[in-house]
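Peer 1: Sharing a structure with you now.
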Number of protein chains: 2
Amino acid sequence: MDHKQLGYFLTLAETLHFARASEQCHVSAPTLSRQIKQLEQELGTELFIRDNRSVRLTVNGKAFVDYAQATLAKWRQFKGQCQDSAGPLTGELSMYCSVTATYSFTYDLFAVFRKQFPAIELNLNTGDPAFSINHVQTGKEDVAVAVAPSHLPQGVAYLPLGKSKLVIIAPTMDCPLSELINSHLNTPSLWEQLPFIMPEHGVLKERIDAFCARQKLTPKVYAHVSGHEAMVALASLGFGVACVPQIVLEQSPFLNQVQHLEVEPKGSLEEIEIGLICKQKRLQDPVVSALWQCATQLFSNPYS
Amino acid sequence: MDHKQLGYFLTLAETLHFARASEQCHVSAPTLSRQIKQLEQELGTELFIRDNRSVRLTVNGKAFVDYAQATLAKWRQFKGQCQDSAGPLTGELSMYCSVTATYSFTYDLFAVFRKQFPAIELNLNTGDPAFSINHVQTGKEDVAVAVAPSHLPQGVAYLPLGKSKLVIIAPTMDCPLSELINSHLNTPSLWEQLPFIMPEHGVLKERIDAFCARQKLTPKVYAHVSGHEAMVALASLGFGVACVPQIVLEQSPFLNQVQHLEVEPKGSLEEIEIGLICKQKRLQDPVVSALWQCATQLFSNPYS
DNA sequence: TACTGTATTTCATTTTTTGAAAGGTAAAAT
DNA sequence: ATTTTACCTTTCAAAAAATGAAATACAGTA
């Protein structure tokens with residue numbers, strides 16, 4: 001029996017829905033189904049009654065909710081107790097992330113981390129997430145927030161923090177570009193004529209390239225830019241259309257100066273996932289491990 | 001965090017010796033070492049202080065002994081509670097094993113099983129362990145005690161119960177055979193002349209064949225016999241020498257009527273391992289699973 | 001200096017876990 | 001009555017993790 005399974009169980013006990021619970025736990029439904037079954041087998045009793053319509057807790061299942069919660073609480077308590085007796089953890093930790101991340105994902109993370117390890121000095125550097133992996137691999141930074149690449153390099157640990165849709169934005173202000181857009185709205189030829197503001201590197205660039213390829217579209221590139229936030233600024237000024245993570249847009253001071261362009265079919269611009277990365281080896285370092293565990297607690301597994 | 005790890009930890013905390021603890025836990029020393037390290041990492045604290053001479057518990061380690069014991073006790077308690085509330089488990093279970101096994105390995109097993117599941121009817125059949133795997137595979141028996149083969153067939157679950165050395169025995173009574181042995185003691189030519197009582201099938205036969213091959217020895221086979229116990233009887237009566245598991249000999253009423261023959265080099269007759277086997281699929285059956293879990297508890301993991 | 005006892009690393013292999021897709025089932029909608 | 005929908009489970013091929021033999025590292029001891 002595994003704490004992971006207790007987390008799965010509690011999530012399922014709450015949602016009473018395999019698909020939703022599995023999503024919350026960041027695993028597939030089959031995995032959740034099997035883990036629960038294994039737990040039941042190990043206990044020698046059914047925890048849920050499931051027919052194809054519904055999932056309900058059995059009597060033993062209800063009792064196990066208490067057991068699981070108590071067990072996890074005890075574990076957390078013991079862990080905390082170990083930290084205390086060891087004296088506060090000190091040291092330095094360097095982190096690289098985008099400006100937007102500091103407003104969103106890492107904002108909560110820093111709060112928790114600071115509270116739990118007030119003596120660790122944090123060294124925060126912001127920049128284009130496209131460089132995150134490189135900075136971490138070269139050892140320039142301990143950890144970084146990165147857009148999840150399709151294939152992680154070996155030896156790099158990854159922890160998902162969240163997802164964001166990609167949106168295409170154009171200026172709302174009066175300018176030649178907005179006229180062009182208004183006159184050609186919903187005509188396929190529009191896309192051929194739009195000047196694009198492209199990211200220089202990174203997963204975002206890959207996504208846009210893939211999107212264009214699928215649409216059989218050769219974009220007119222107006223400018224290459226490094227850093228998601230700057231792309232919003234340029235787009236709002238009428239330089240061209242840009243593709244940015246929705247979360248970046250939401251935080252932008254220029255939010256009101258841009259409009260969305262719909263893409264057809266919807267979802268053909270695959271959303272990106274944002275995560276924490278770190279050289280596997282660096283996780284041995286107690287300081288790095290401390291941050292990682294805070295992040296795990298906060299983002300990965302509501303229970304555990 | 002895993003209950004398996006708690007078991008490893010407790011064993012190591014008791015022995016304070018990786019090699020011995022790993023043996024008790026039926027894993028290799030590297031495995032134990034890594035699991036402990038992983039546990040320590042997850043807890044964010046050292047549990048043991050090890051230099052190459054000694055292993056000692058840290059302060060946190062001592063506290064974790066209590067934690068681990070309490071956790072496992074709670075788990076067992078909860079499991080028991082589930083059984084109770086479900087009403088006693090009933091059904092029938094068929095088992096095949098050697099006569100010797102009923103005196104040794106399964107004796108304790110039956111005691112525990114009976115106490116925990118008094119309503120399950122046990123159907124016990126004894127015979128030559130060479131047939132165990134076949135009986136289980138064909139579904140003739142639910143579970144069986146077998147001599148561990150070098151390669152288990154797919155779909156068969158196996159649980160080690162114990163090991164036994166193999167010994168070669170000869171009659172002590174006055175007879176042509178014992179004279180032959182006494183006159184040729186320690187001469188290599190002795191082995192060529194001895195009449196062998198060979199098992200008909202099974203792992204034991206394989207071991208003896210392998211031994212003979214290594215010794216470049218073509219044994220004179222006096223008789224083929226099915227069933228380990230019978231071989232002791234025949235050997236004691238002067239029919240020939242036999243190779244049997246030490247544990248069979250120890251239980252035999254003819255123990256005093258036979259002598260050991262030493263083999264050179266020592267250990268060239270590899271010892272056998274005895275285990276419980278069962279069709280993987282049959283483990284789904286609560287009744288079979290019940291026995292299996294009793295056996296696990298008793299033989300596999302002192303803590304868990 | 002060689003030897004011994006012991007914990008840990010390395011590395012190739014085996015085992016386990018994983019998720020996409022397919023399957024199955026039963027209510028709801030047409 | 002048939003199709004659609006919702007959703008849990010199985011299958012299967014691929015990826016990841018765990019495993020142990022052998023090598024390594026290290027510190028006392030002969």
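Peer 1: So the label point sits 7 Å from Cα along the Cα-to-Cβ vector; using that for B:Ser54, what distances do you get to the other copies, in nanometres, sorted shortest first?
Peer 2: Distances to the matching label points in the other copies: 6.3 nm.
Peer 1: How far apart, in nm, are the 7 Å Cα→Cβ label points at A:Leu89 and A:Lys205?
Peer 2: Spacing of the two 7 Å Cα→Cβ label points: 3.5 nm.
Peer 1: Taking the alpha-carbon centroid of each part, what is the distance from the range A:101-157 to the range B:1-40 in angstrom?
Peer 2: Taking the Cα centre of the range B:1-40 as reference, the centre of the range A:101-157 is 34 Å away.
Peer 1: Also, quick follow-up: I'd like to know which of B:Gln41, B:Leu249, B:Ser104 lies farthest towards the positive end of the charge dipole of chain B, counting +1 on Cβ of Lys and Arg and -1 on Cβ of Asp and Glu.
Peer 2: B:Gln41
Peer 1: Related question: Size of the dipole of the range A:3-85 about the Cα centre, Lys and Arg at +1 and Asp and Glu at -1 on the beta carbon, nothing else charged, in debye to 20? It would help to have the intermediate numbers written out before the result.
Peer 2: Working: 11 positive and 8 negative charges, 18 e Å.
Result for the range A:3-85 is approximately 80 debye, rounded to the nearest 20.
Peer 1: Could you work out how far helix B:3-15 tilts from the main Cα principal axis of chain B, as a 0 to 90 degree angle to the nearest 10?
Peer 2: Between helix and principal axis, roughly 70 degrees.
Peer 1: Right, another one. Take every DSSP beta bridge with both residues inside chain B and express the antiparallel ones as a percent of the total, to the nearest 5.
Peer 2: Numbers: 24 of 40 bridges.
Roughly 60 percent of the DSSP beta bridges within chain B come out antiparallel.
Peer 1: Starting from the Kirkwood Rh over alpha-carbon pairs, what translational D in µm² s⁻¹ does the range B:166-270 have by Stokes-Einstein at 25 °C and 0.890 mPa s?
Peer 2: Details: Rh = 13.5 Å.
Translational diffusion coefficient: 181 µm²/s.
Peer 1: Here's another thing I want to ask about it. Tell me, what does the Kirkwood hydrodynamic radius of the protein assembly as shown come to in angstroms if you use every pair of distinct C-alpha atoms? Mind showing how you got there, number by number?
Peer 2: On the way: mean 1/r = 0.0333 Å⁻¹.
30.0 Å is the Kirkwood radius here.
Peer 1: With a 1.4 Å probe and every protein chain left in place, work out the accessible area per residue of the range B:1-90 in Å², rounded to a whole number. If you can, show how the numbers build up before the last one.
Peer 2: Working: 4690 Å² over 90 residues.
It amounts to 52 Å² per residue over the range B:1-90.
Peer 1: Also: Sort B:32-41, B:226-235 by the packing proxy (mean of other Cβ within 10 Å over each peptide's residues), most packed first. Walk me through the numbers on the way to the answer.
Peer 2: Details: B:32-41: 17.7, B:226-235: 21.5.
Put in order of decreasing packing, that is B:226-235, B:32-41.
Peer 1: Among A:Pro171, A:Pro219, A:His184, which residue has its Cα furthest toward the positive end of the charge dipole of the range A:166-270, with +1 on Lys/Arg Cβ and -1 on Asp/Glu Cβ?
Peer 2: Checked the options; the winner is A:Pro219.
Peer 1: I'd like the carbon and sulfur percentage of the solvent accessible area for the range B:207-304, probe radius 1.4 Å, heavy atoms only, ligands and nucleic acids excluded. Show your work: numbers first, answer last.
Peer 2: Numbers: 2490 of 4790 Å².
Using a 1.4 Å probe with all protein chains present, the range B:207-304 comes out at 52 percent carbon and sulfur.
Peer 1: Ok, one more. Working from Cα positions, state the angle (0 to 90°, nearest 10) between the long axis of helix A:105-116 and the longest principal axis of chain A.
Peer 2: Tilt of helix A:105-116: around 40 degrees.
Peer 1: Shortest first and in nm with one decimal, please list how far the A:Ser150 label point sits from its counterparts in the other copies (point 7 Å along Cα→Cβ).
Peer 2: In nanometres, ordered from closest: 4.6.
Peer 1: Which of the GluC sites (Glu not before Pro) found in the range A:262-299 are in a DSSP loop and have at most 15 neighbouring Cβ atoms, other than their own, within 10 Å? Walk me through the numbers on the way to the answer.
Peer 2: Numbers: sites: A:Glu262, A:Glu270, A:Glu271, A:Glu273; in loops: A:Glu262, A:Glu270, A:Glu271.
For GluC sites (Glu not before Pro) across the range A:262-299 that sit outside H, G, I, E and B with at most 15 neighbouring Cβ atoms in 10 Å, the list reads A:Glu262, A:Glu270, A:Glu271.
Peer 1: Per residue, how much accessible area does the range B:166-270 show when a 1.4 Å probe rolls over the protein heavy atoms, in square angstrom? Each step should come with its number before you reach the end.
Peer 2: Numbers: 5330 Å² over 105 residues.
Per-residue accessible area for the range B:166-270 comes out at 51 Å².
Peer 1: Here is a further query. If each label sits 7 angstrom from Cα along the C-beta direction, how far apart, in nm, is A:His224 from its counterparts in the other copies?
Peer 2: So the label point of A:His224 gives 8.0 nm to the other copies.
Peer 1: Moving to a separate point now. So between B:Leu261 and B:Thr172, what do we pick up on full extension, going 0.36 nm a residue minus the alpha carbon distance? All intermediate terms of the calculation are to be shown ahead of the outcome.
Peer 2: On the way: separation 89, 0.36 × 89 = 32.04 nm, distance 1.10 nm.
This chain segment gains 30.9 nm when fully extended.
Peer 1: Right, next: Rounded to the nearest 100 Å², what's the accessible area chains B and A bury against each other, both chains counted, probe 1.4 Å?
Peer 2: Numbers: alone 16200 and 16220 Å², together 30180 Å².
So the total buried area for this chain pair works out to about 2200 Å².
Peer 1: Using the crude model of +1 on Lys and Arg Cβ and -1 on Asp and Glu Cβ, and no other charge, please compute the dipole size for the protein assembly as shown relative to its Cα centre, in debye to 20.
Peer 2: Working: 50 positive and 58 negative charges, 72 e Å.
So the dipole magnitude of the protein assembly as shown works out to roughly 340 debye.
Peer 1: From other protein chains only, count the Cβ atoms within 10 Å of every residue's Cβ in A:51-61, then give the mean. Show your work: numbers first, answer last.
Peer 2: Working: counts 0, 0, 0, 0, 0, 0, 0, 3, 3, 7, 1.
Mean number of neighbouring Cβ atoms from other chains: 1.
Peer 1: State the antiparallel share, in %, of DSSP beta bridges confined to the range B:166-270, rounding to the nearest 5.
Peer 2: Working: 8 of 15 bridges.
The antiparallel fraction comes to roughly 55 percent.
Peer 1: Determine the dipole magnitude for chain A: charges of +1 sit on the beta-carbon of Lys and Arg, -1 on that of Asp and Glu, nothing else is charged, the reference point is the Cα centre, and the result goes in debye to the nearest 20.
Peer 2: Working: 25 positive and 29 negative charges, 162 e Å.
Value, rounded to 20: 780 debye.
Peer 1: Further, regarding this structure: Between the range B:241-291 and the range A:200-254, what is the separation of their alpha carbon centroids in Å?
Peer 2: 72
Peer 1: Right, something else. Which chain A residue comes nearest the axis with its C-beta when you rotate A onto B, and by how many angstrom?
Peer 2: Nearest to the symmetry axis by Cβ: A:Asp2, 3.
The values are calculated or read from the model by the stated rules, or taken from the named source; none is laboratory data. All values derive from a computational prediction rather than experimental measurement. Because the Cβ atoms are built from the backbone with ideal geometry, glycine has one as well, and the counts that use them run over all protein chains shown. In case anyone asks, the SASA skips ligands and DNA or RNA and just uses the protein heavy atoms, side chains included. Shrake-Rupley method; radii C 1.70, N 1.55, O 1.52, S 1.80 Å.
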